[in-house]
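Beneath this line is the structure, given in structure tokens, with notes to follow.
The values are calculated or read from the model by the stated rules, or taken from the named source; none is laboratory data. Computed from a predicted model, the values in this text were never measured in an experiment. Cβ placement follows ideal geometry from the backbone for every residue including glycine, while neighbour counts extend to all protein chains displayed. Heavy atoms of the whole protein, side chains included, go into the accessibility calculation; ligands, DNA and RNA do not. Shrake-Rupley method; radii C 1.70, N 1.55, O 1.52, S 1.80 Å.
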Amino acid sequence: MKARIISFLLLILACNPGRAMTHEERKAYLDKLLQALPQVASFNQWLQRSGELPPDFDALPKNNGLPDPLTFLDGRPVKTADDWKVRRAEIIKLLEKYEIGTMPPKPKLDSINPVDPSTTPATTGSAGAVPGGGFGAGGAPPAGSVTKIVDLKYGPGSQITTRVTLIMPAGSGPFPVLIGGSPSIASRGYISCQFPSSVDAPPDIGKFYPECDWGSMAKIAWTTEMVVDYLYTLPEVDKRCIALTGYSRNGKRALITAALEERITAVIPGSTGVGGVMAWRDGSERGFGESIESTTRTYPLWFTPRLRFFSGREDRLPVDGDLVVALVAPRPCLIKWGDNDEVSQPWAMEHSYRSALRVYEFLGKPQALSTLHTPGTHASGLNQNLALDWLDIQFGRSDKKWVNQFTFTYNYADWLKATRETIDLAKYPPHKVGEDSLAGGITTTAQWEARAAEVRKSVNWMLGEKNPNPPAVPLTSSTFDPEHFAITLHPGSCGWLQPQARQTASRRVTFANGVKGDLYYPANTAAGAKLPTVIWLHGYSYSLGYMWVYRSDLHPILALVQAGYAVLAFDQTGFGTRMNESAARYQVNPHWSQLGQMVEDTRAAIDYLQKDALVDPGKIYLYGYSMGGMLALHTAALDSRVKGVVSICGFTPMRGDTVKKGAGGLARYAKDRELLPRAGLFIGYETKVPYDYDELIAAIAPRPVYIVQPTLDRDANPADVHAAVDQAAKVFALYGARDKLAQDEPWDYNRLPNAVQDRAITWMKENMK
């Protein structure tokens, strides 16, 4: 009962953003948060030591999209260059408070003590070198180069020591410097500057400043400032050309440092993931990658402990990756990622780029913000030669032009212009969220079936029309075709092995004119057996499609197979191995939609499964999370061969999805992403959307439907979801199947933990027979 009361109060708070949270409510929130999240010893110790409570989330602006770099926290716009200086200072203050922690003032450099290179091994820093060409300590110094090693002394009583190693080209200079560059860059005329800079092993400087709650990212940034002080003393250094690079976790460090230290004149943050270029909002569990929770749990010393409060509440975080990139403006910044980078997902990286670009444009330097994506995953590393080519351009050492290339080129305004799509809003009567689905006197299933036919007609219109004679526009082939079986069931990018994998078998299948998938099933399945089969529909996993990383929870494929199901999994169009289909979609099918293609592919998967010898054709179910939950409901409403649906964090009613509610509105389907362009025609007129999820769910009746809607889901308005399910339940009741529609509303955020999966599978076993 107590948990229900707390959940109810939080639901009220979510619906009343103007109401401040009381001290008691914040304490109750922390108690529930500690129950929901895995335990982190250092976080618990910090809580006991500081007595700090979560922030008043309702006092912070709710923004499920990226925060606008050109808008102050109080909503005022940035209009002048002086305004930007003030806004920049505000962003730094927010960055220190909520992400990296407070930093002490930079002390003076007390002494510079030379170290004989012939007697003392050089202590080189780590720029996060990975296989495939990442910068770092690798690469031999070229012939004729000069090695210089010094110990810097500073801080209270000169007790802090940082050893710096320089590999300098032959000659007097001055030379450009690349902090984090490998020794071999001296052959290109750059000074390589190295010092112990791994965020996993930062200098032990916290003991000198116990009043600071800074994480290792901030400690390394602060240390780098001292290194720059030293570089400024050297006549061999061109002070106009001091660059910084890092890869992966040290890419985060490089970006944060450049954001704070304006003497860094160029930065190359390689595959930073969240906490760097990639926004926390675009990562998280719903993006199948790193999240605030996983980062602060696995690497609790990187950021301030306060960041963990925002697990699942990224929409309330006042600062994010795009703002950190914007802090570098107008200085040059090269954002690097891999085409199928599981750490730095391409759509998210491009999203941050486009947001930060507005500041570069505002300051008159749009060409200074650049991108570099190369084939491969996170392990592809940072191509040193290409990075140096870019630096040469920025430092005036080359007259070449740098060309940014993008994977996701869809633009809603361009779509409108090309298609000339319009609607007559007068033909669409307004509806309220939770409006009675039985309005109009429907009292029989026959009457409802007639109404459902109209609903399906509206759904098909919204999905669009496929071009019967598409032009021959070649699609760029994917640069990465992961062996999903290996990634799912064996040590992959995170080196884990689920025990359930040993009881799982799979085989590759092809359907729908070339779509490839994997059919998983229990390894001990008897010959001739016919298994109930689930189609797994993934979320916004741009890099790995149907797979995820950075999870301690069991992957749904393994959980379902363990429960006795066969599972068909495949990458949706625009994701994973099919990511590059995005570029030409609207050239080939201008009036079609990405969601329409997904529905078609899922129905084609059903075509295939009905003929597969392993599958019971009368027991084919859909199980979708996030975007996949949305897809599952649309597909099941249109295809009666689907015998049951599980939709987890899959929707919020469109008619109530206004900008004011903060979840993102219809723009997230039509403008931010390319899922459903026609939804954009109803922005500002949401009540006129021709169908909504209460009708969509009702159109599936009497087949079983299980809805999971966490009370803290930032992508949804939970009260609206509840109202929609209540209305759909009336249609299920007409069929005598009220018990076949169920809703689970846990106190949690948008994720797919083991507990939710267990409850869903238990319900499936009882109701999908």
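Evaluation of Tyr410 against the conditions (1) hydroxyl-bearing (Ser, Thr, Tyr); (2) more than 28 Å from Ala716 (Cα to Cα); (3) touching a residue at least 40 places away in the same chain (Cβ under 8 Å) shows that the sole unmet condition is (2). Residues in the range 714-743 that are within 23 Å of Asp315 (Cα to Cα), in contact with a helix residue (DSSP H, G or I) (Cβ under 8 Å, 6 or more places away or on another chain) and of a type outside the set (Gly, Ala, Ser): 6 in all. Only one entry in Trp461, Trp448, Trp415, Trp402 is among the hydrophobic types (A, V, I, L, M, F, W, C) and over 35 Å from the mean Cα position of the chain (by Cα), namely Trp448. Looking at Lys661, Lys619, Lys643, just one residue is open to solvent by 30 Å² or more (accessible area, probe 1.4 Å), under 30 Å from the mean Cα position of the chain (by Cα), on the phi < 0 side of the Ramachandran plot and not hydroxyl-bearing (Ser, Thr, Tyr), and that residue is Lys661. Residues considered: Asp229, Asp151, Asp238, Asp200. Of these, the only one that is within 22 Å of Thr298 (Cα to Cα) and of a type in the set (D, E, K, R) is Asp200.
A single member of Asp229, Asp238, Asp204 is surrounded by fewer than 22 Cβ atoms within 10 Å (Cβ to Cβ), assigned to a loop (DSSP other than H, G, I, E, B) and charged (D, E, K, R), and it is Asp204. Output the residue which, of all residues in the range 378-387 that are closer than 13 Å to Gly270 by Cβ and part of a helix (DSSP H, G or I), is least open to solvent (accessible area, probe 1.4 Å). Restricting to residues being closer than 13 Å to Gly270 by Cβ and part of a helix (DSSP H, G or I), the top hit is Ala387. Of all the criteria given as (1) out of contact with any helix residue (DSSP H, G or I) (no Cβ under 9 Å at 6 or more places or on another chain); (2) part of a loop (DSSP other than H, G, I, E, B); (3) farther than 18 Å from Trp84 by Cβ, the one not satisfied by Gly283 is (1).
In this structure, Gly434 does not satisfy being touching a residue at least 60 places away in the same chain (Cβ under 8 Å), under 21 Å from the mean Cα position of the chain (by Cα) and part of a loop (DSSP other than H, G, I, E, B).
Residue count for the range 308-323 satisfying the condition of being in a helix (DSSP H, G or I), over 13 Å from Val40 (Cα atoms) and not basic (Lys, Arg): 6. Selection of first residues in the range 752-769 that are farther than 17 Å from Asp739 by Cβ and of second residues that are among the hydroxyl-bearing types (Ser, Thr, Tyr) and open to solvent by less than 10 Å² (accessible area, probe 1.4 Å), restricted to Cβ pairs under 8 Å at least 6 apart or on distinct chains, gives the following pairs, ordered by first then second residue: Leu752/Tyr625.
If Lys671 meets every condition in (1) at pLDDT 95 or above; (2) buried (at least 21 other Cβ atoms within 10 Å of the Cβ); (3) under 20 Å from the mean Cα position of the chain (by Cα); (4) not aliphatic (A, V, I, L, M) apart from one, which number is that one? Failing condition for Lys671: (2). The single condition from (1) open to solvent by less than 50 Å² (accessible area, probe 1.4 Å); (2) touching a residue at least 60 places away in the same chain (Cβ under 8 Å) that His373 fails is (2).
All conditions but one from (1) surrounded by fewer than 24 Cβ atoms within 10 Å (Cβ to Cβ); (2) in contact with a Lys or Arg (Cβ under 8 Å, 6 or more places away or on another chain); (3) modelled with pLDDT of 95 or more apply to Phe175; the one that does not is (2). Screening the range 18-68 for residues that are among the aliphatic types (A, V, I, L, M) and assigned to a helix (DSSP H, G or I) and picking the one that is surrounded by the fewest Cβ atoms within 10 Å (Cβ to Cβ) gives Ala41. Of the candidates Gln727, Gln709, the single residue that is over 24 Å from His538 (Cα atoms) and surrounded by 22 or more Cβ atoms within 10 Å (Cβ to Cβ) is Gln727.
Looking across the range 733-769, just one residue is open to solvent by less than 50 Å² (accessible area, probe 1.4 Å), of a type in the set (A, V, I, L, M, F, W, C) and over 30 Å from Lys530 (Cβ atoms), and that is Trp747.
When restricted to residues that are in a loop (DSSP other than H, G, I, E, B) and within 15 Å of Thr652 (Cα to Cα), the range 691-738 contains 11. In the condition set (1) of a type in the set (Ser, Thr, Tyr); (2) at pLDDT 95 or above; (3) over 21 Å from Ile707 (Cβ atoms); (4) buried (at least 22 other Cβ atoms within 10 Å of the Cβ), Thr602 is compliant with all but (3). The set of residues from the range 549-569 being open to solvent by less than 10 Å² (accessible area, probe 1.4 Å) and not small (Gly, Ala, Ser) comprises Val549, His555, Pro556, Ile557, Leu558, Leu560, Val561, Tyr565, Val567, Leu568. Across the range 302-350, the qualifying residues are those that are at pLDDT 95 or above and among the β-branched types (Val, Ile, Thr), and the one among them that is farthest from Arg253 (Cα to Cα) is Val319.
Taking the criterion of being open to solvent by 10 Å² or more (accessible area, probe 1.4 Å), among the polar types (S, T, N, Q) and outside any strand (DSSP E or B), would at least one residue in the range 267-274 satisfy it?
Kept after step one, since they are open to solvent by 10 Å² or more (accessible area, probe 1.4 Å), are these residues of the range 267-274: none.
No: the range 267-274 contains no residue that is open to solvent by 10 Å² or more (accessible area, probe 1.4 Å), among the polar types (S, T, N, Q) and outside any strand (DSSP E or B).
Exactly one residue among Ser197, Ser192, Ser184 is buried (at least 16 other Cβ atoms within 10 Å of the Cβ), of a type in the set (S, T, N, Q) and modelled with pLDDT under 90, and that residue is Ser197.
Keeping to the range 377-424, report how many residues are in contact with a His (Cβ under 9 Å, 6 or more places away or on another chain) and more than 19 Å from Pro590 (Cβ to Cβ). Residues flagged as in contact with a His (Cβ under 9 Å, 6 or more places away or on another chain) and more than 19 Å from Pro590 (Cβ to Cβ) within the range 377-424 amount to 3.
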